[in-house]
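First the structure, in the form of structure tokens, and then the observations on it.
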Amino acid sequence: MDDEILRLFTSKKIKEKFLLIHHNYESDLYEECKAIDECHQPSDPRDFGDADEEFREVKDILTAELPKPLRITGDEIQSSFLELLDGVTDFKKTYEQFLEKIEQLISPQKESSPIHFCKTFALVDNSPGFHIEEVWKQNGIKLSITKDEDGKFSAIVSGKMSAIALDILTAEIVPVLLCAVRSIIWLHVPEKENNLKICAHGICKNSISYFTTTNTTITSDIFQERVDIIREYLKAYFYDNLQKQDSLDKRIYNAVHLLIISDEQTNHAVGLALSVAGIEALLCESDTNIAGQLACNVATLLEPETDNRDDAEQYVKKIYHARSRLLHGDKIESERAKRIEARHLAAAVLDAVILKYTFNFRLPNDDKPVPYKPKDLRYDLKKRKYKGGSPDGVVDYRNIRKYWRK
């Protein structure tokens, strides 16, 4: 039993929980039978008070301790165990059969149907096709991406997991992919070839997104050069070490989730606010002077020319004030355009923070990586405020600078 899921089930803590469920099942079943004899009314054979309560606790523990993405669901675990309890009194035998059943559910290698995640963007170009076998891998699950000669992109999820877990995971991954591809487009596709816009009337047909496009081209070179954006968004989305202390991993996790939810909003005010919240999650220290904190940190992060940083700060403040006015019920000009600008800006800030974090995490320090914390990022940006150039590890965001370099 070399699978991590099975090792968890053989741990003393989990095994004792199942032993208690087994004991309570027998006690509850006795009480149920006694009640039926006394009142001659059958009851639900699956309604076992203490056993059900114990199972809810076990599912909470497993959900917290099983590595993400989940390769089996809590309901599958519960039903697999309950199915073996009827007529079986030997716990050791029951548990052995239970582990075999779990192994049968997760062991066969499974593969999703192709996810045509870019059909919303009409991404067609004449650059060569490619196949990336491992765009992202986590907990034994991987995502591969292929672009055929017709310019169509597709992704496949594969790994050892239950069929139900595969369906749930595939559905979860689609909006992450769409969000990441939008960011690639906004950050790196030249403006004249970038027609990503918001639908005029609600959710786009055949899309979970409020964004659509016509004739937007992502070349194979651009996609493969920045496929790390997809990898980092998926890594952040399924990040599961949400400890209490502040960390950039947790802040990036929050920002990715906020951008995904932002993309799905039909209300421009909410969509804009969620994008700004994503930036705030990455760069702010406290609730005081949020507009000032955002403006200063974003300008230093994204604008390499010191002469242009004041303009960058004023632009960020305008976006923040537009967010405040919209949330307070005011009308502003070009709500749709402001929403896109905020999402555009959030994509750049998120990418820059991830790149800066990755760069600093890899810096040698007695052969041990030193955690790069949010306070370290803010300190580095403060030191760079009056120095030219981009922070170490950060790329050029000329598609973003157009907003303040008029």
Burial order of peptide ranges 378-387, 68-77 (average beta-carbon count within 10 Å, highest first): 68-77, 378-387
Starting from the 7 Å offset along Cα-to-Cβ, what nm value, one decimal, do you get for the label separation of Ser334 and Phe361? 3.7 nm
Report the normalised scattering of region 218-363 as log10 I(q)/I(0) at q = 0.09, 0.12, 0.15, 0.19 Å⁻¹, calculated by the Debye formula with identical scatterers on the alpha carbons. -0.29, -0.52, -0.81, -1.24
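Within the set Lys318/Lys402; Lys68/Lys375; Lys356/Lys406, which residue pairs have Cα atoms separated by over 19 Å? Numbers along the way, then the final one.
On the way: Lys318/Lys402 15 Å; Lys68/Lys375 27 Å; Lys356/Lys406 27 Å.
Exceeds cut-off: Lys68/Lys375; Lys356/Lys406.
Here, each number is a calculation from the coordinates, and none is a lab measurement. Bear in mind the structure is a predicted one, so any value in this text is a computation, not a measurement. So basically every Cβ, Gly included, is an ideal-geometry build from the backbone, and we count neighbours across all protein chains shown.
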